[in-house]
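Here's the structure we're looking at; comments come further down.
The values are calculated or read from the model by the stated rules, or taken from the named source; none is laboratory data. All figures in this text were calculated on a predicted structure; none of them were measured in a lab. Don't worry about glycine lacking a Cβ; one is built from the backbone with ideal geometry, like all the others, and counts go over all protein chains shown. Heavy atoms of the whole protein, side chains included, go into the accessibility calculation; ligands, DNA and RNA do not. Shrake-Rupley method; radii C 1.70, N 1.55, O 1.52, S 1.80 Å.
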Amino acid sequence: ANAPIFGVDTFGRVNVWNKCARKIVGYTLDEVMGKNLVQEFITNEYKDAVSTVLDEAMTGNETANFEFPLITKHGVRIEVLLNATTRRDEQGHVIGVVGIGQDITGRIAQEREYSKLIDTANAPIFGVDTKGSVNVWNQCARKLVGYNTDEVMGHSLVKEFITEDYQASVQAVLDKALDGVETANFEFPLITKAGARIEVLLNATTRRNEHGKVIGVVGIGQDITARLAQEREYSKLIDNANAPIFGVDTFGRVNVWNKCARKIVGYTLDEVMGKNLVQEFIT
């Protein structure tokens, strides 16, 4: 088999050690057969956890996708994803456990690099799991919003950090991303630890595991508080100018109509906004 497979008897002693296991871990059959798997080949911090998985399998309770490290003959730590299966004889009596593993050392290294890139990015990045609980909160998010990792991890993003008037719309964006429909350039407010309201422009991206299963959402944000403040100030200056000012969009529909224009022409905002300037107001 092209997967590392090992087995232990009811005393935890190795009695199966296939070619792939020998290749990955480096020990020959003679070096492992009859030895206690946990005591001699598992790192100290995982001895209890691996023993529990083996003990559970001995009672018929099998375990899937258990991650643990093995130490190779050369002292290198490799990460293994294990399925522990009960082994029985022809009468159905438990005679040990067979573990079918997968070397995930490379994948975990990539995940750690990915996490490092996220954490050090110069944009606020957060992530939630399928229940909407925060599981990613990078340095820029911590700096911008003021909450450290311990204060947000596991908490509901929408219920605890989004203003009440935007909770429904933000939840809708997250729900769509969990269904695989991603959203770009969504504006919403966040409340900082100090109680200030900041405006964020968000790209919500579906997050999947190595099997393609949706496991949450990652949001890459941009603080647009200052930009919106400038736009509001610009709009205020236009509206209060002592000259008539109007604007149209690319379809020629009115989208700017200041006080002076209203005073001179007599039409209110409601009467002109969205109307075609040329067709409706020009002789």
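Residues whose amide H falls under 5 Å from that of Arg87, counting only those 5 or more places apart or on a different chain, are Ile95, Gly96, Val97, Val98, with hydrogens built in the peptide plane. For Arg142, neighbours were defined as the other residues whose beta-carbon sits under 11 Å from its Cβ, and their charges (Lys and Arg +1, Asp and Glu -1) total -1. With respect to the chain, whose longest principal axis is taken over its alpha-carbon atoms, helix 47-58 is tilted by about 70°. For region 94-101, the Karplus equation 6.51 cos²θ - 1.76 cosθ + 1.60, evaluated at θ = phi - 60°, returns couplings of 5, 10, x, 9, 10, x, 9, x Hz by residue, with Gly and Pro reported as x. For region 25-41, 3J(HN,Hα) computed residue by residue from phi via the Karplus equation (6.51, -1.76, 1.60; θ = phi - 60°) reads 8, x, 8, 7, 4, 4, 7, 10, 4, x, 7, 6, 4, 5, 5, 10, 10 Hz, glycine and proline entered as x. Normalised by residue count, region 1-53 yields a Cα convex hull volume of 82 Å³ per residue.
For the chain, what is the calculated [θ] at 222 nm in deg cm²/dmol (nearest 500), taking -39500 (n - 2.57) for each run of four or more DSSP H residues and dividing by its residue count?
Working: 13 runs with 104 residues, N = 283.
Computed mean residue ellipticity for the chain: -10000 deg cm²/dmol.
Here the relative contact order of region 1-133, from alpha carbon pairs under 8 Å that lie six or more residues apart, stands at 22 percent. Expressed as a whole percent, the accessible area of the chain that falls on carbon and sulfur atoms is 51 (1.4 Å probe). For a paramagnetic label modelled on Gln91 (point 7 Å from Cα along Cα→Cβ), amide N atoms under 19 Å away belong, within region 2-30, to 9-11. Under a 5 Å amide H cut-off, with hydrogens placed 1.01 Å from N, Arg207 pairs with Ile215, Gly216, Val217, Val218 among residues at least 5 apart or on other chains.
Close amide H contacts of Asn18 (hydrogens built in the peptide plane, cut-off under 5 Å, sequence separation of 5 or more or a different chain): Ile5.
Spin-label pair Thr250-Asp9: with each label point 7 Å from Cα along the Cα-Cβ axis, the two points sit 7.7 nm from one another. If you plug the beta carbon distance of Asn185 and Asn65 into 1/(1 + (r/R0)^6) with R0 = 30 Å, you get a FRET efficiency near 0.25. Its Cα gyration tensor gives region 170-283 an equivalent ellipsoid; the semi-axes, largest first and in whole Å, are 41, 19, 10.
Do you know the relative contact order of the chain, to the nearest whole percent, from alpha carbon pairs under 8 angstrom that are 6+ apart?
Numbers: 511 pairs, mean separation 27.8, N = 283.
It rounds to 10 percent for the chain.
Sequence-distant contacts, meaning Cα pairs under 8 Å at least 6 residues apart, place the relative contact order of region 87-152 at 19 percent. Among the lysines, select those whose C-alpha is under 26 Å from the C-alpha of Lys73, and discard any that sit fewer than 8 residues away in the same chain. The qualifying lysines are Lys19, Lys23, Lys35, Lys47. Which angle from 0 to 90°, rounded to the nearest 10, does the C-alpha axis of helix 225-240 make with the longest principal axis of the chain? Approximately 10 degrees, to the nearest ten. For the chain, what class follows from the C-alpha gyration tensor (a ≥ b ≥ c being the square roots of its eigenvalues): rounded when a/c is under 1.5, otherwise prolate if a/b is larger than b/c, else oblate? Here the chain falls in the prolate category. Sites listed here are trypsin sites (Lys or Arg not before Pro) in region 102-133 whose DSSP assignment is loop and whose Cβ has at most 14 other Cβ atoms within 10 Å: Lys131. Take the chain with all the other protein chains still there, run a 1.4 Å probe, and you get 59 Å² of accessible area per residue. Distance between the 7 Å Cα→Cβ label points at Gln102 and Asn240: 6.3 nm. Taking label points 7 Å from Cα along the Cα-to-Cβ direction, Lys35 and Arg208 give a separation of 4.1 nm. The angle between the Cα long axis of helix 105-120 and the longest principal axis of the Cα atoms of the chain comes to about 30 degrees, rounded to the nearest 10.
Whole-Hz Karplus values for region 187-198 come out as 9, 7, x, 10, 9, 6, 4, 7, x, 7, 9, 10 Hz, taken residue by residue from phi with 6.51 cos²θ - 1.76 cosθ + 1.60 and θ = phi - 60°; glycine and proline positions read x.
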